[in-house]
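Read through the structure below, which is laid out as structure tokens, and then see the notes.
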């Protein structure tokens, strides 16, 4: 019996140590670094991007940084760690953090109706089709009021396709305030019943409006004071002052047919960030640097705290990066999420709920949370390996070259489905 117990204890120790070793195994090894280098450089060598950079942290430490190519080819400015880029929809996770910071203060509950704080959205009607004979839009009452949770998982019903509904005023015109935007949005019908469909649109703009309405402070002031400044994200801004514009990357278009890259018109790509517009959108508009965005990622991986500053409670971070979307919603009603892989949705971030089905899907760990931007930027948070990765380019249209797929394979290796 004594020998059996000793053998059992020894076996348990070996199994325990094996698990510990697996959990402590580094992802970003010298071999992986070389693979990432080769992958990033290939996009430059193939003339598909002008400049590209990546910053990766693992277990709380920087393990990889590299930049290739140019932030501005014509001005001969190399892509660097300090380059400022347009992050477009990667604005959304930052705004989600600001909203959830208010949640942690007890300012609202997730299942509170939006109309509780914003009567602009009371008694919402839902689009039910268009009578082309009588030239009339069909509307029905909402089955229930859209909630703040609906806003954060994009199931509130805002901004879907509604044939026959006059567009009228543009709620997200840069000259509008968030209050004016909300007033316009509240007069429009929802595109679907709340909770029944995932729609990418203005939900995060309404989140920014709610931060402003509930806190009683201008949205950007609240964001600055409660998220950006405590995290030291000094280069994450809507407006870039003159003295920092030399660090602002140019944008380049890549044509897959001609395999040619051309510079986008500066007056178009700079207009959003060279003027102090009244509208500070939640859906897009912020600019950032690699190090700034990594601070956000590290805070989320750490459970809400960075460098002694607590932005969110651990349980709130866990909710943010846990799937909140009903996976019974049919694929056709989950927008482009299926194109990103086996994805659910948390608070303004995609959440991986199952492994890829094949090597064509984006690689990654189950439990990953991530988001990307219109000019092909990418953020990955991997709690399994305590890893965060930021990839910056200024490539338009959005990732026509399988950039994200190849970058993920460079980190994790070529995906081989389990048999």
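Sorting 158, 239 by the number of Cβ atoms found within 10 Å of their own Cβ, with the fewest placed first, yields 239, 158.
With the Cα gyration tensor of segment 279-416 giving a ≥ b ≥ c as the square roots of its eigenvalues, does the rule (a/c under 1.5 for rounded; else a/b larger than b/c for prolate; else oblate) give rounded, prolate or oblate? Note, shape of segment 279-416 comes out rounded.
Between residue 242 and residue 46, 0.36 nm times their residue separation minus their Cα-Cα distance comes to what?
Full extension of this stretch gives 67.2 nm more.
Helix 30-45 and the longest principal axis of the C-alpha atoms of the chain enclose an angle of approximately 40°. When you count the other C-beta atoms within 10 angstrom of each residue and take the mean per peptide, 222-228, 110-116 line up highest first as 222-228, 110-116.
In terms of its C-alpha gyration tensor, segment 335-378 comes out oblate, because a/c is 1.5 or above while a/b does not outweigh b/c. Note on 37, 292: ascending count of other Cβ atoms within 10 Å places them as 37, 292, the fewest first.
With each label modelled as a point 7 angstrom along the Cα→C-beta vector, the residue 107-residue 414 pair spans 5.0 nm. Note on 162, 233: ascending count of other Cβ atoms within 10 Å places them as 162, 233, the fewest first. Shape annotation for the chain: C-alpha extents along the principal axes are 83, 65, 46 Å, from largest to smallest.
Across q = 0.14, 0.22, 0.24, 0.25 Å⁻¹, segment 161-251 modelled as identical point scatterers on its alpha-carbon atoms has Debye log10 I(q)/I(0) values of -0.72, -1.18, -1.25, -1.29, in the order of the q list.
Structure remark: mean-square fluctuation, Gaussian network model of the chain, C-alpha springs under 10 Å; the largest value among 382, 159, 257 belongs to 257. Modelled spin-label separation between residue 37 and residue 62, with each label point placed 7 Å from Cα along the Cα-to-Cβ direction: 1.7 nm. Here the extension length gained between residue 132 and residue 339 equals 71.2 nm, from 0.36 nm per residue of separation less the Cα-Cα distance. Subtracting the Cα-Cα distance of residue 117 and residue 256 from 0.36 nm times their residue separation leaves 45.3 nm of extension gain. Distances between every pair of Cα atoms in segment 33-173, grouped in 5 Å steps from 0 to the bin holding the largest one, split as 2, 7, 10, 12, 12, 10, 9, 10, 10, 10, 7, 2, 0 percent.
Compared with the dominant Cα axis of the chain, that is its longest principal axis, helix 2-24 is turned about 50°.
Rounded to the nearest 10 degrees, the inclination of helix 403-412 to the longest alpha-carbon principal axis of the chain is 30 degrees. Just checking the listed ones, 63, 317, 97: in the Gaussian network model of the chain with Cα springs under 10 Å, the one fluctuating most is 63.
In summary, segment 192-239 shows an alpha-carbon radius of gyration equal to 1.45 times the 2.2 N^0.38 Å reference for compact globular proteins. Segment 379-411 and segment 240-270 have Cα centres separated by 20 Å. Projection of the Cα convex hull of segment 20-96, averaged over all directions and equal to a quarter of that hull's surface, yields 7.3 nm².
Can you tell me the mean projection area, over all orientations, of the convex hull of segment 99-201's alpha carbons? Units nm², please.
For segment 99-201, the mean projected area of the Cα convex hull comes to 6.9 nm².
Laboratory data are not the source of any read-out in this text; all were calculated from the coordinates shown. A quick note: this is a predicted structure, and the numbers were derived from the prediction, not measured. Glycine gets a Cβ as well: all are built from the backbone with ideal geometry, and neighbour counts include every protein chain shown.
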